[in-house]
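Report on the following structure.
Bear in mind that the values in this text are calculations on the coordinates, not laboratory data. What you see is a predicted model; the values in this text were computed from it and never measured. Heads up, the Cβs are rebuilt from the backbone with ideal geometry, glycines too, and the neighbour counts pull from every protein chain shown.
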Amino acid sequence: MFSSVLSHRFETELGLTVTHCGSQEALDAALLEATDGFTMAVVGLNLPGSPDGHALDQILAHDIPAIVFTGSFNVDVRNRIASRNIVDYVVKDNEFALDNLIAAVRRAISNRKTRVLVVDDVVSARSALVELLEAQQFKVCQAGTGIEALEVLEKYGDIELVLTDHHMPDMDGYELTRRIRNRYSNERIRVIGISSSGDRFLSASFLKAGASDFVYRPFVPEELQCRISHNIETLTQIKQLRAAAASDYLTGLYNRRYFYDQGPRIVTECLRNLEPASVAVLDIDHFKRLNDTYGHEIGDRVLKAVATRLQSEFIGSDNLLSRVGGEEFAMLFAGLDSAAATALCDRVREDIQALKIVAEDEDISVTVSIGVAEIGGYETFENYLNAADQYLYMAKHHGRNQVYSDARVVTAAAE
């Protein structure tokens with residue numbers, strides 16, 4: 001029963017392909033036949049034909065991360081499985097056991113995208129933490145001093161969690177935490193202090209310095225694992241809230257606020273690096289007429305179709321794409337001058353013209369007009385967009401369904 005339900009949930013909720021092994025013999029065959037390996041194993045301790053947890057040892061020997069799912073649990077069982085460097089264990093002791101197991105697998109897979117920094121001058125203590133974190137599938141980097149930790153933070157821009165000891169040769173954990181907080185907010189990097197000190201005020205001092213959490217040594221691994229998970233989950237929730245705040249409700253593209261927040265930063269970086277940049281404004285032609293003729297439901301369908309086509313053009317690029325209002329979209333091209341951005345926008349225009357949207361049993365086509373302006377110096381972001389808007393007006397004035405830009409105007413004047 002457990003296997004059938006779990007297989008279905010892993011497939012539908014996590015999108016995983018599941019191989020079920022009901023015996024040691026089936027496990028032997030699955031490991032022998034596997035060509036691409038396995039993402040993870042969920043292992044019961046009482047698999048038929050597998051005495052004394054042999055199946056778990058076999059899976060770990062194949063370098064497959066394992067989560068133990070067991071109904072029999074006591075201190076001896078806990079110590080036996082914990083010593084095998086597993087990802088986690090889940091006990092079948094309540095109605096939430098399946099949910100907890102699904103969450104454990106989801107968390108372990110997600111951990112593979114999360115980088116953690118361990119800071120401790122004692123090699124043995126640092127290695128023990130690294131081993132625990134790697135067992136949970138985190139990407140781990142390490143440092144032996146505070147200065148080295150700050151250098152590692154500069155090197156890896158994706159570190160989300162720092163575990164730091166208190167006593168270190170160059171600076172203590174308070175100072176390191178304060179320096180981290182001067183550079184990174186609590187919503188960007190979480191800090192967990194760790195110490196074997198008997199000073200019970202140490203935790204309060206760490207928290208006042210900006211740490212997110214604190215653990216005394218010797219710690220119970222499960223406690224530290226839960227504290228780490230809670231901090232990572234907090235960061236994930238913050239990311240999700242930020243993504244929701246930055247998204248346009250209808251199309252899923254970035255919204256106007258995000259475009260105006262991020263655009264100036266991208267422009268400044270391009271100008272500082274002496275790289276070209278251009279901005280474009282796109283408008284769906286005769287959109288009000290389309291809404292009046294077919295209704296707002298079809299209008300929304302058109303907006304979604306245009307947004308999807310735009311997104312497919314820019315996916316994987318450094319270009320910034322947003323819906324900035326009504327039927328208007330804005331694009332910021334980092335690394336493209338006006339001529340290159342104009343050529344790209346022409347391809348986009350042609351792709352959108354080829355779209356067919358079904359409305360009242362008929363296919364309708366839409367066209368767009370686009371204005372492109374190259375960014376040539378330090379001005380307000382509004383000025384760049386106003387320039388693109390002027391070229392958009394020219395595109396509409398000259399018949400719509402075309403791209404106008406400073407590069408195109410200069411070329412036409414030269415001819």
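Numerical summary
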| read-out | value |
| --- | --- |
| Dimensions (Å) - the stretch 112-242, Cα atoms, principal axes, largest first | 38, 30, 27 |
| Rounded to the nearest 20 debye, dipole of the chain from Cβ charges on Lys, Arg, Asp, Glu | 840 |
| Radius ratio Rg over Rh of the chain, counting only Cα atoms, Kirkwood formula for Rh | 1.09 |
| Distance in nm between pseudo-label sites at Lys356 and Arg256 (7 Å out along the Cβ direction from Cα) | 3.5 |
| Cα gyration tensor, the stretch 203-305 - rounded (a/c under 1.5), prolate or oblate | oblate |
| Fraction of antiparallel bridges per DSSP, the chain only, in percent to nearest 5 | 45 |
| Part-to-part distance (alpha-carbon centres) for the stretch 351-399 and the stretch 263-304, which is given in Å | 7 |
| Degrees separating the helix 221-246 axis from the principal Cα axis of the chain, which is the longest one | 10 |
| Which listed pairs, of Lys239/Lys288; Lys239/Lys356; Lys155/Lys208, have C-alpha distances above 30 Å, in listed order | Lys239/Lys288; Lys239/Lys356 |
| Peptide ranges 159-170, 218-229, 183-194, 360-371 listed from the most packed, as the mean C-beta count within 10 angstrom indicates | 159-170, 183-194, 360-371, 218-229 |
| Distance between the stretch 94-166 and the stretch 219-234 - C-alpha centres, whole angstrom | 10 |
| Cα long-axis angle, helix 146-155 against the chain (0 to 90 degrees, to the nearest 10) | 40 |
| Calculated on alpha-carbon atoms, Rg and Dmax of the stretch 296-381 in Å | 14.4, 51 |
| The chain - mean residue ellipticity at 222 nm from DSSP helices (-39,500 (n - 2.57) per run, n ≥ 4, rounded to 500) | -16000 deg cm²/dmol |
| Over the stretch 256-414: Kirkwood hydrodynamic radius from C-alpha pairwise inverse distances, Å | 16.0 |
| Antiparallel bridges, percent of DSSP beta bridges restricted to the stretch 206-337 (to nearest 5) | 95 |
| Isotropically averaged projected area of the stretch 1-129, using the convex hull of Cα atoms (one quarter of hull area), nm² | 9.3 |
| Helix 381-397 axis, angle to the chain major axis (alpha carbon atoms, nearest 10°) | 50 |
